[in-house]
Each structure stands twice: as structure tokens, then as C-alpha cells.
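What follows is a single structure, written as C-alpha cells, with notes after it.
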Ligand code: MN
Ligand code: MN
């Protein structure tokens, strides 16, 4: 099959729209570097567009009607948004799903220590990373500290121009002869990813007798108390995520790409959100679902395996068609979903890992994967041929550029998504998404054209899939 590069197909007007979408996308990437931050910015945007919190509506026992917009949030890390369609909810929804957690390094619960007048935070990485990629980079700390009195302190250090940043050190090349003999998975080991946090002892006048031996640690604790009103014990009830510091950037002399942290899977999450905000009075109920914990198996209360989504649909049903377990099951089974996650973009420098005819290419549009998984399609939700045909029709009618691909060569590796979990309800689900280079690296690259086509594809799906 012929593969097109879509850049040459755009009119001037379309190019302007493409740039506007991408500028907004970069802005969202900068504001949303953790799942909590992504939820906060999503709620801000949708409330500005008339979405109402389902909890509040439930308490006031309001009946909902077509065109009404509602949302529910789970623990500040997962969100489901709906715009009610003209057709009854039990006839099913058009659902866009994506995840908003990204690989990173988390701070441990008992993290702070001093060694030879240097203070460190002990860490535990989250998701699949090549550990050697995360050393000697400017890093930022984002997260929250929950205190015993019930207050929650937001933390974000390393993003403003004049903020300090942090670093994980690596051995200088001059002394690295032995280290460089190790295989790549062992060059930097998990316990060596500790974050350098400070190196200046507390002033003499301020020094506490018993703390004198650890004067650098005492000094960072003094600063934490001064700026964030936190004690050392408060680390135990904190969620602090270490991520690359700095903003999303245009990439390439032609500015055709975006280089940024966390595009897996925020590139799909934000384009899905943009599409959701563009829907008006749909036939079928539109839904956008942004979930946490995909990178560690979609487990826990805020992952796709949790009951949050079906509970939310049950609440929604109670406020529309009247409470009914059977109607809830019908609504889920009759739904259609794009489970969106990033695809591996073909990289000519690593051609050996790809099979070219089935690879996703930068600048060739929204990627569909009939299946994911590994080896003999293990762990995949294999979308049905009939559904694929309907997807093709909707995308073609809307003039969306798309490609069918799979992740790398057979038997080379693989990956999972949230698609199979939604498939458990008996709904039609297909994996779709945007191709990225350097997936799971501190800085991932995507094509602006693909970001734009994803947005177009998601709009078409919400409006036209029947
Ligand atoms: Mn992903
Ligand atoms: Mn991933």
C-alpha cells in the first residue's frame, strides 16, 4: 500500500489550524507534567466550557438532557467526561480513551540522606525506562505533600527560568572503563538514580548541635520548612515525581516536530480533550476518558482496571434514563472506543527493529493498530474487521490521514494498552494514536502533522461513528 507524507497535502488555512492546535498542545504539555496536573488543567478547561461535576449534580438530583456536559474525577488522577447525545445512553457512547501517566522517577517515602556533604533524595523509577537516559539532565520535581492536618501542598521546582534544577550524576568517562563494559541495562542501576538535592551546610549560627554531622541535610530541611512548610516526616505522605525540566520545544530546522517529555500518552490525551471540547450536541453520547497507571499495568483505583468508569456510567444513567444495572451494561456494550496510545515511529537508524510494511511513520497520520501485545499477539485486544471497516469509512469521509501499523517486528518485543480492558465490556475497541520517536525517553519526538490528524480523527470519531 502506498504511504503518503501528509505535509504536502495541506492548504494554507489548514497549516494555520495545524500550528494553532500544536501551540495549544505544547502549552498543555508544559502545564501537565504529572497526572494530577493534567487533570487540573482538564477540569479548568472543561468547566470553562460548561461541564458540570457529576457529584454535585447527583446531590441535587438533577435530571440530565441531551447536550448536557458532565465530568467525574477519581482521586485527582483520572477523569471521565461526557456530553450527552440525542440518542439514549443505553444505545452506547463514542469513547476516546488515553492515559496521562508517563514514565518518570518517583521520590521514595523515606528519601532524604546525606553522604559526604551532599544531600540526596532516594528514588524509585515508575514505568519502563532506559535508566542510563535519565542521568546528567536538568530535572524538576512536581507533586504534592499531604500533611497530617489535611492540607495539601503543591510542589513544582525547576520549571521557572530562575528556579533551581536537580540532577542524577554519572561517572566521568575518564574513570568509566569498567562501567562501560557493563551491558546497557546495568550501566545505571535503579538504586543509582538518586537525585542530588543540595551541597551547602546550614549556617553556623543556625546549626543545631545534634544535626551538625549532617549539616547539608539540615540546611535543605530548613529550606523545605521555609518554602513549603514541610517536615522530614512529611515525605512519607508525599507524591513527588522527578521529570525532565523545561518546556516542550519545536524540533527540526523546519519546525515540523515537537520534542517534549511525556508525549506518551499526553499527545493522545490532549488531542482527545481538544476533540471533546469541539463536540456539539452529538447523536451518540461523547465520552473522553483520561486514566492513570497505564505504564504500570493499569492497576489500582485510578487505573483502567478500576470500577471508576462503570460506576460513573451508572451514576450518569441514574440521572438520565433512570437507575438500571441492565441499561448500564447495555450502554457499555453498545459503546465504541478509540483506545489511544502512542505508536513506535519508524526510525531509520534502528531499522532492524521494525518491519517496514507494518511500521508507523512520522508525518503519515493517525495510527491504527488492529492489535498490540507481544509474541503471538499475547495480551492484545484484536479489533474486529467489521469495526475496522467502519473506522476507515468515518476517517475517509472526514478526510483524516491514517495508517495501519504494529509495534516493531514480530518477536522483537511488544507492548500493551488499555484497549483489552474496555473490550471486557463487549464494546468495539481499537488501538489508535500518534507515532513518536524515542518513546519513554526523557524527551520524545512527534510530528506536528500527526498531532493535527489525531485531533481531526478524534473529532470525526465523536461526531460520526454510529
Ligand atoms: Mn502509552
Ligand atoms: Mn508507555
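The values are calculated or read from the model by the stated rules, or taken from the named source; none is laboratory data. Quick caveat: nothing in here was measured; it's all calculated off a predicted structure. Heads up, the Cβs are rebuilt from the backbone with ideal geometry, glycines too, and the neighbour counts pull from every protein chain shown.
Please work out which residue is farthest from ligand 2 (Cβ to nearest atom), limiting yourself to region 267-291 and to residues that are assigned to a loop (DSSP other than H, G, I, E, B) and surrounded by fewer than 24 Cβ atoms within 10 Å (Cβ to Cβ). So that I can check it myself, show each step before the final result.
Of region 267-291, the ones assigned to a loop (DSSP other than H, G, I, E, B) are 279-284.
Still in the running and surrounded by fewer than 24 Cβ atoms within 10 Å (Cβ to Cβ): 279-283.
On the way: 279: 27, 280: 32, 281: 35, 282: 30, 283: 33 Å.
The selected residue is 281.
Have a look at 389, 383 and point out the one that is more than 26 Å from the chain's Cα centre (by Cα), more than 16 Å from ligand 2 (Cβ to nearest atom) and closer than 27 Å to residue 452 by Cβ.
Of 389, 383, the one residue that is more than 26 Å from the chain's Cα centre (by Cα), more than 16 Å from ligand 2 (Cβ to nearest atom) and closer than 27 Å to residue 452 by Cβ is 389.
Among the residues of region 108-124, is any within 16 Å of ligand 2 (Cβ to nearest atom) and out of contact with any strand residue (DSSP E or B) (no Cβ under 7 Å at 6 or more places or on another chain)?
no
Kindly provide the set of residues from region 292-314 that are within 13 Å of ligand 2 (Cβ to nearest atom) and part of a helix (DSSP H, G or I), ordered by number.
294, 295, 296 - these are the residues of region 292-314 that are within 13 Å of ligand 2 (Cβ to nearest atom) and part of a helix (DSSP H, G or I).
For region 396-438, how many residues are farther than 26 Å from residue 1 by Cα and within 14 Å of the chain's Cα centre (by Cα)?
Total satisfying the criteria: 2.
With respect to residue 264, is the statement that it is within 16 Å of ligand 1 (Cβ to nearest atom), at pLDDT 95 or above, surrounded by 13 or more Cβ atoms within 10 Å (Cβ to Cβ) and in a helix (DSSP H, G or I) true? It would help to see each step written out before you state the result.
Working: within 16 Å of ligand 1 (Cβ to nearest atom): yes; at pLDDT 95 or above: yes; surrounded by 13 or more Cβ atoms within 10 Å (Cβ to Cβ): yes; in a helix (DSSP H, G or I): yes.
Here the answer is yes, as residue 264 does meet what is asked.
Of all residues in region 408-419, which are over 24 Å from residue 460 (Cβ atoms) and within 16 Å of ligand 1 (Cβ to nearest atom)?
408, 413, 414, 415, 416 - these are the residues of region 408-419 that are over 24 Å from residue 460 (Cβ atoms) and within 16 Å of ligand 1 (Cβ to nearest atom).
Going by the conditions given, is residue 374 touching a strand residue (DSSP E or B) at 6+ places or on another chain (Cβ under 7 Å), under 24 Å from residue 434 (Cα atoms) and surrounded by fewer than 21 Cβ atoms within 10 Å (Cβ to Cβ)?
Answer is yes for this residue.
Name the residues in region 78-107 that are under 15 Å from the mean Cα position of the chain (by Cα) and more than 16 Å from ligand 2 (Cβ to nearest atom), would you?
78, 79, 80, 96
Within region 423-449, count every residue that is in a helix (DSSP H, G or I) and out of contact with any helix residue (DSSP H, G or I) (no Cβ under 8 Å at 6 or more places or on another chain).
Counting residues in region 423-449 that are in a helix (DSSP H, G or I) and out of contact with any helix residue (DSSP H, G or I) (no Cβ under 8 Å at 6 or more places or on another chain) gives 1.
Considering only residues that are away from ligand 2 (no atom under 13 Å from the Cβ) and crowded, with 21+ Cβ neighbours inside 10 Å, which ones fall in region 415-426? Step through it out loud before you land on a result.
First pass over region 415-426, keeping only residues away from ligand 2 (no atom under 13 Å from the Cβ): 419-426.
Residues satisfying the conditions are 419, 421, 422.
Is there a residue being touching a residue at least 60 places away in the same chain (Cβ under 8 Å), within 16 Å of ligand 2 (Cβ to nearest atom) and under 13 Å from residue 245 (Cα atoms) anywhere in region 134-151?
Within region 134-151 (the criterion being touching a residue at least 60 places away in the same chain (Cβ under 8 Å), within 16 Å of ligand 2 (Cβ to nearest atom) and under 13 Å from residue 245 (Cα atoms)), the answer is yes, since at least one residue qualifies.
Cβ-Cβ below 7 Å, separation at least six or inter-chain, first residue in region 287-299 and within 15 Å of residue 271 (Cβ to Cβ), second part of a loop (DSSP other than H, G, I, E, B): which pairs?
290/100
For residue 398, state whether it is more than 15 Å from ligand 2 (Cβ to nearest atom), surrounded by fewer than 18 Cβ atoms within 10 Å (Cβ to Cβ) and more than 30 Å from residue 327 (Cα to Cα).
yes
Pick from 367, 429, 412, 436: which is surrounded by 24 or more Cβ atoms within 10 Å (Cβ to Cβ) and either modelled with pLDDT under 95 or closer than 26 Å to residue 306 by Cβ (or both)?
Of 367, 429, 412, 436, the one residue that is surrounded by 24 or more Cβ atoms within 10 Å (Cβ to Cβ) and either modelled with pLDDT under 95 or closer than 26 Å to residue 306 by Cβ (or both) is 429.
Here are some residues: 342, 313. Which one is farther than 26 Å from residue 67 by Cα, buried (at least 17 other Cβ atoms within 10 Å of the Cβ) and in contact with a helix residue (DSSP H, G or I) (Cβ under 8 Å, 6 or more places away or on another chain)?
It is 342.
Pairs only if they're at least six apart or on different chains, beta carbon under 6 angstrom, first in region 430-455 and within 21 Å of residue 125 (Cβ to Cβ), second part of a strand (DSSP E or B) and away from ligand 1 (no atom under 16 Å from the Cβ); list them, first residue then second.
Sorted first by the residue in region 430-455, then by its partner, the pairs are 442/244; 443/259.
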